[in-house]
Every structure is written in C-alpha cells, then in structure tokens.
Amino acid sequence: MNVVYILWLRELKRYVRSRAQIVASLGQPILYLVALGFGLSPVFQKAGQGNYIQFVAPGIIGMTILFSSIFSGAGLLWDRQFGFLKETLVAPVPRIQVMLGRTLGAATVAVIQGLLVALVSFAIGFRPTDYRELPVAFLFMGLIASLFASLGTAIGSTLQNIQGFQMIMSFLVMPIFFLSGALYPLRNLPTALSVVVSIDPLAYGVDGLRTTLIGVSHFGLVSDAAVLVLAATVVLFIGSYLFNKIQV
C-alpha cells in the first residue's frame, strides 16, 4: 500500500504546486455561479422556485468535481508520453495499487476543487439549510470524485494520445453535465428526457448534494448513495482491468 500512498501524494503535490491550475479551475464555476446564478434568479423566483443561487450551487460543485476528476485521465496520457508511467508499471508491485494511487489522488484533488467552489458559493450568498448535513455532503463529493476519476483512468488506459482523449471527453463530459439536472429541476421533464437523466450517474450525485445542502431531493438520499456506490465500484473494476492491459 506504500505505492498507493506515494502516488496519491504525488497527485496532491502536483496540484498544490500548480497555482495556475488552482486559479483556472475556479474560472468556469465562478462564471456559471455569477452569470447563471444572478442572471436566471429573477426567472426562477417568478416561477415560484425560490433562490436560484441556492438551487444551482450544489450543481456547480458537482460539475467542478466531474470536470476535475474525469480529466485526470489526461495526466495518465502525459505520464505515458514522458515515460513516467513506464517506470511506474515496471516496478515490482501489483498494477492495481498503481491504479488506486492515481485514482485516489485525482479524486482528492477533485474534492479540494469542489470545496473551493463551495467557499466561493458561500461568499456570493449560498447557505446550507442544515450545517449538520455537511459531512454527508462531503461524502457525496468523494463518491462523485471516485466514480469519475475511475472513469477517466479507464478511458485514458485505452488511448495512446492526448488528442483522442480530448475528443472523447468533449463528446462525453458535457452530456453528463447537462443531463444531470445541475442547472435545472428534474421535476416535470418529458418522459424521454427523464429516462436519460435517470441513467446519468452525476444526476444522483447532484441530487445527493442538493438533498444534504438545501433539503431538496428528487431520487431520495438512499437511492443517490446506492447508485453512486454501485457505479463507482463497477467503473473501478473496469478501470483496473483496462489499466492492467496497458502495454509498456
């Protein structure tokens, strides 16, 4: 397990040292929070839905964790290109430990970025309805991060270059985000859209964050947790299998 810890610590140090990455990671969430939060708030209030910033902040936190964790697969491709991955894989340790260390490191970084966005949300007016639920919200952040960090590793394990990864991410990430209900309520959707939303794992993560932070639930907290745990477990096994198939 020393390898898991070393790789986890490496991912964390790489993030902390990159001040530009920290600042850049906050740009898009702040844009969504300010532009959409304040811009759509009057419309949301006229529809009788309350404060839009309260509603959208958990979704933007989930979005930040999604983007950060799933794009960790790009780091895998960079390590392959510059030879660090080969040095790691030829070490006399099980590859599952290497994969776990990288995935946990990416998930930790994603949770940190989610917490930073939560602080920004708090600064512009977001307030949790029950502060006692914050540990559960933190747990959901960890589940979202673990799920999509595993997915990013699985995708990165099957590709050879960063260009292919970027194309797949452009095709995959935005639908996952926009179909999650991060920006809009999931009630009274058309049947076809409701079906698609129900198979989006991020929808359950965002719903779990909303339930714990503002007391608004669509699927139910138990269903949210169960789906995320199941999805994360399945994707982790798939990612482990694909990571073991990497040729050095």
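Every number in this text was worked out from the coordinates using simple rules, so none of it is lab data. Just so you know, these numbers come straight off a predicted model, no measurement behind them. Positions of Cβ are generated from backbone atoms using ideal geometry, with glycine treated the same way; all protein chains shown enter the neighbour counts.
Against the main long axis of the alpha-carbon atoms of the chain, helix 19-31 sits at an angle near 30°.
Would you mind checking the tilt of helix 221-244 against the longest principal axis of the Cα atoms of the chain, expressed as 0 to 90 degrees and rounded to 10? Taking Cα atoms only, the helix is inclined about 20 degrees.
When the chymotrypsin sites (Phe, Trp or Tyr not before Pro) in region 6-78 are filtered for DSSP coil states and for at most 12 other beta-carbon atoms within 10 Å of their beta-carbon, no site remains. Three principal axis extents describe the C-alpha atoms of region 124-220; from largest down they are 46, 33, 26 Å. Across region 2-244, counting alpha-carbon atoms alone, Rg and Dmax equal 18.1, 63 Å. Annotation: extensible slack from residue 5 through residue 116 equals 37.6 nm (criterion: 0.36 nm per residue apart, minus Cα-Cα distance). Taking the charge dipole of the chain about its Cα centre, with +1 at Lys and Arg Cβ atoms and -1 at Asp and Glu Cβ atoms, the residue from 203, 6, 122 reaching farthest to the positive side is 6. Charge dipole of region 106-248 (Cα centre as origin; +1 on each Lys and Arg Cβ, -1 on each Asp and Glu Cβ, all else neutral): 80 debye, rounded to the nearest 20.
Each of 182, 150, 137 was scored by the projection of its Cα onto the charge dipole of region 130-248, and the greatest displacement toward the positive side belongs to 150; charges sit on the C-beta of Lys, Arg, Asp and Glu.
Seen against the Cα atoms of the chain and their longest principal axis, helix 162-178 is set at about 20 degrees. Shown in residue order for region 180-195 are the 3J(HN,Hα) couplings computed by the Karplus curve 6.51 cos²θ - 1.76 cosθ + 1.60 at θ = phi - 60°: 8, x, 5, 10, 8, x, 8, 6, 6, 6, x, 4, 4, 5, 4, 5 Hz (x for Gly and Pro).
About its Cα centre, region 2-244 has a charge dipole of approximately 440 debye under the convention of +1 per Lys or Arg Cβ and -1 per Asp or Glu Cβ, with nothing else charged.
Over what distance in Å are the Cα centres of region 47-76 and region 209-232 separated? If we compute the Cα centre of each part, the gap is 14 Å.
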